[in-house]
Amino acid sequence: MKKYWASVQKEIVLFLNDKVGVLLMYMMPILLVFIITIVQNSAFQLVSENRLDLLVVNKDTGAQGDSLISMLKMSGSFSVEEANNLQINQLKSETIDRKKLIAIWIPPHFTAEMDAQAGQMSNNMLSEFGAVEKDSTLIQPNHTPLQVFYDPVLQENFRLTLMSSLSTLLEGLQNKNRLNRLFKDMGYDEIPAEIQQSMQNSRQLIVSEPATSGEASPIPNSTQHNVPAWSIFAMFFMVISLGGNLVKERLTGSFVRLRTIPGSFPLVLLSKMTVYLFISLSQLMILFALGKFVFPFLGLPELNFPQNVLALIVISVLSALAAISYAILIGTFAKTQEQSNGFGAISIIIFAAIGGIWVPSFIMPEYLQFIGLLSPLHWCIEGFYILFLKGGSWSALSGTIIYLLLFTFACQLLTVMKMRSQNYL
Amino acid sequence: MEVAIHITDLVKRYKNADKNSLDHIDLAVHQGEKFGIFGPNGAGKTTLISVLCGILEPTSGKVSYHFDSRDLAIRELLPHVGFVPQDFAFYPELTPMQNLKYFGALYGISSTVLAARIDRLLEQVGLNHVKDKKVGTFSGGMKRRINLAIGLINQPKLLFLDEPTVGVDVQSKVAIVSLLEEINRDGTTIIYTSHHLKEAEDFCDRIALIDEGKIIAIDTLDQLLQANQVSNLEDLLIRLTGKHLRD
């Protein structure tokens with residue numbers, strides 16, 4: 001035990017002396033979690049909290065253009081600036097110059113076009129019921145489009161969200177116009193009040209709720225996603241510190257001396273694992289504490305801890321052991337520190353990319369999702385998502401636990417085999 | 001004198017090498033002896049020491065160890081073996097005190113004994129005044145001395161030294177050699193390689209000359225000089241190994 005503690009003490013001193021390693025292990029994840037959470041939270045607010053600046057040029061001579069603008073303003077999703085004096089050929093450059101993410105061109109015959117569509121539909125319906133004759137003299141719609149210009153830096157998912165909001169508003173406007181026309185054609189001045197009331201009341205409600213296995217329903221937000229995801233990424237980045245440290249010891253001759261001290265080598269590996277396990281878990285604790293206690297002060301969502309605390313500890317320890325074993329494996333096989341750092345860092349970035357740390361796995365092509373299953377980071381994040389977002393039942397965690405155990409075992413086995421071949425063990 | 005190490009027909013060939021690094025070596029080192037191994041670069045000196053202290057497995061042949069009237073396997077002997085490699089084998093981020101404590105603890109030496117031993121060793125190698133400074137900041141000579149002190153932390157019965165004085169100033173060299181004389185007087189068997197031929201002349205009881213993995217001469221220095229009719233070790237080496245440059 002004394003030998004083990006001496007070895008642990010030595011590892012602690014070596015780690016503290018490696019200033020870059022300390023920064024990488026503690027400062028990098030804190031910065032990553034803060035920055036990514038703030039960015040993603042802002043992106044979330046951008047589409048959800050009336051933050052999107054919209055430029056509108058309304059050339060419509062009728063009333064529907066104004067109605068659409070009112071609906072855009074009332075939707076709560078846009079901050080609308082009208083610039084009706086602009087021409088369509090100026091709108092692209094004006095969008096950028098006025099720092100707008102999106103601009104809408106409402107064409108001159110927008111109302112006439114909608115009225116034509118409504119008139120045709122009403123006539124079709126009433127003639128189908130035999131109430132009127134089919135009227136072939138009705139004005140045919142031209143299908144003149146509403147034009148939307150967007151800043152090219154706007155990400156595809158935001159653009160699609162905006163287009164979807166706009167389509168919904170347009171559809172509402174068109175439906176109202178069609179009904180008005182239908183009732184008018186049936187001899188009413190306007191839609192009767194009780195029908196308007198019943199249309200309002202019969203709107204289908206949508207209730208959305210996270211699908212979790214536990215009783216508690218944590219609200220998915222940028223903190224619940226980012227704190228575990230980037231903690232895992234940082235944890236695996238220990239390959240730079242631990243892997244490099246292992247290569248350095250081997251190259252400087254300390255390992256040669258250790259080979260002449262019986263039983264010292266397994267002890268050295270064990271003490272390295274102990275120290276880095278502590279470092280990894282302390283990393284997680286710091287990041288979780290920041291998410292819980294500091295994020296709310298910065299206007300970011302608070303991190304909600306899972307109810308299954310034991311499972312959280314198990315997944316944290318297994319993730320840390322997987323990261324440590326991988327770092328030791330790289331440090332054992334690398335011939336130089338440059339090899340260990342370069343290969344280690346790149347492999348972690350690839351593992352993170354295919355493992356769903358940066359973007360969710362489900363949006364990747366099927367073959368990449370399959371390859372992603374090989375990434376230890378995928379299983380770690382899966383485990384943390386089950387805990388932080390899906391209730392964290394043991395049965396749901398079983399796949400993660402089995403994979404992480406197998407991965408750790410495989411890395412350790414390869415390390416032992418390599419060290420035996422080098423006569424260290 | 002009793003034989004401490006007996007080497008019989010020892011061969012070491014590295015993987016993918018086209019020739020033996022150690023080529024059928026037979027050798028006996030006696031207990032309490034200061035035994036020097038000399039030869040040009042690439043002769044096999046470091047390989048021989050690495051095999052003798054168990055770092056490398058021999059390809060064939062036998063090495064047997066005998067101490068305190070007992071035959072021992074290298075694993076049994078290792079706790080009593082000191083090894084001072086040619087490379088600096090310590091942690092430059094640690095102080096001499098921390099390095100010595102760490103390696104001493106790995107040998108299982110009790111804290112009180114270890115503390116006394118560290119004090120004595122630091123005094124002997126002249127590093128007491130810098131015991132709490134990081135070794136990485138030391139000069140080459142100071143690093144050689146801490147490298148040696150770590151090799152002595154377990155008070156070895158058998159000490160292997162691979163070029164312990166390479167690249168150090170005269171003062172450090174004198175300090176190292178005099179410390180080695182002292183521990184040899186206390187009964188430690190020393191096996192020593194060096195390029196400093198003057199050191200060998202002054203220090204070693206017997207020497208073996210090795211070239212291309214073979215032992216080409218072995219005896220006391222006086223006997224070797226007399227037999228080859230030369231006046232010093234340098235001339236002896238040139239006579240026996242030739243003047244051609246080695247890789």
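The values are calculated or read from the model by the stated rules, or taken from the named source; none is laboratory data. Treat the numbers as computed from the prediction; the structure is a model and nothing was measured. Here the Cβ positions follow ideal geometry from the backbone for every residue, glycine too, while neighbour counts run over all protein chains shown. Side chains included, ligands, DNA and RNA excluded: accessible areas come from the protein's heavy atoms. Shrake-Rupley method; radii C 1.70, N 1.55, O 1.52, S 1.80 Å.
Here are some notes:
- In region B:17-57, the residue that is nearest to B:Gly213 (Cα to Cα) out of those that are open to solvent by 30 Å² or more (accessible area, probe 1.4 Å) and within 14 Å of another protein chain (Cβ to nearest Cβ) is B:Thr46.
- Residue match in region B:171-180 (condition: assigned to a loop (DSSP other than H, G, I, E, B), surrounded by fewer than 19 Cβ atoms within 10 Å (Cβ to Cβ), more than 14 Å from chain A (Cβ to nearest Cβ) and not aromatic (Phe, Trp, Tyr)): no
- Flag if A:Pro306 is in a loop (DSSP other than H, G, I, E, B) and within 14 Å of chain B (Cβ to nearest Cβ): no
- Looking only at residues of region B:115-135 that are within 14 Å of another protein chain (Cβ to nearest Cβ) and open to solvent by 40 Å² or more (accessible area, probe 1.4 Å), we find that the one that is nearest to B:Pro85 (Cα to Cα) is B:Lys134.
- Residue within region B:80-101 that is closer than 24 Å to A:Asp18 by Cα and in contact with a Phe, Trp or Tyr (Cβ under 6 Å, 6 or more places away or on another chain) present: yes
- For A:Ile315, the conditions (1) open to solvent by 50 Å² or more (accessible area, probe 1.4 Å); (2) touching a Gly at 6+ places or on another chain (Cβ under 6 Å); (3) of a type outside the set (Ser, Thr, Tyr) all hold with the exception of (1).
- Residues in region B:111-134 that are of a type in the set (Gly, Ala, Ser) and closer than 20 Å to B:Pro164 by Cα: B:Gly126 alone.
- Some residue of region B:63-80 being out of contact with any helix residue (DSSP H, G or I) (no Cβ under 8 Å at 6 or more places or on another chain), in contact (Cβ under 8 Å) with a residue 60 or more places away in the chain and at the interface with chain A (Cβ under 7 Å from one of its Cβ atoms): yes
- Residue satisfying condition, being surrounded by fewer than 13 Cβ atoms within 10 Å (Cβ to Cβ) and of a type in the set (Phe, Trp, Tyr), within set A:Phe129, A:Phe110: A:Phe129
- For first residues located in region B:83-110 and within 18 Å of B:Val166 (Cβ to Cβ) and within 7 Å of chain A (Cβ to nearest Cβ), partners that are open to solvent by less than 10 Å² (accessible area, probe 1.4 Å) and aromatic (Phe, Trp, Tyr) and lie 6+ apart or on another chain with Cβ distances below 6 Å form the pairs B:Phe83/B:Phe160.
- Any hit, region B:72-95, residues being among the small types (Gly, Ala, Ser) and surrounded by fewer than 18 Cβ atoms within 10 Å (Cβ to Cβ): yes
- Among residues of region A:8-19, those that are touching a residue at least 24 places away in the same chain (Cβ under 8 Å), assigned to a helix (DSSP H, G or I) and more than 7 Å from chain B (Cβ to nearest Cβ), counted: 4
- The selection criterion, being more than 18 Å from A:Leu173 (Cα to Cα), over 25 Å from the mean Cα position of the chain (by Cα), modelled with pLDDT of 85 or more and open to solvent by less than 30 Å² (accessible area, probe 1.4 Å), does not hold for A:Leu72.
- Total residues in region A:189-211 satisfying the condition of being open to solvent by 100 Å² or more (accessible area, probe 1.4 Å) and either within 24 Å of A:Leu389 (Cβ to Cβ) or aliphatic (A, V, I, L, M) (or both): the figure is 5.
- One residue alone among B:Pro79, B:Pro85 is within 25 Å of A:Lys10 (Cβ to Cβ) and in contact with an Asp or Glu (Cβ under 7 Å, 6 or more places away or on another chain), and that residue is B:Pro85.
- Residues within region B:156-170 that are part of a loop (DSSP other than H, G, I, E, B) and away from every other protein chain (no Cβ under 14 Å), tallied: 4
- Within region B:198-208, the presence of a residue that is at pLDDT 85 or above, farther than 30 Å from B:Leu122 by Cβ, open to solvent by 50 Å² or more (accessible area, probe 1.4 Å) and outside any helix (DSSP H, G or I) is excluded.
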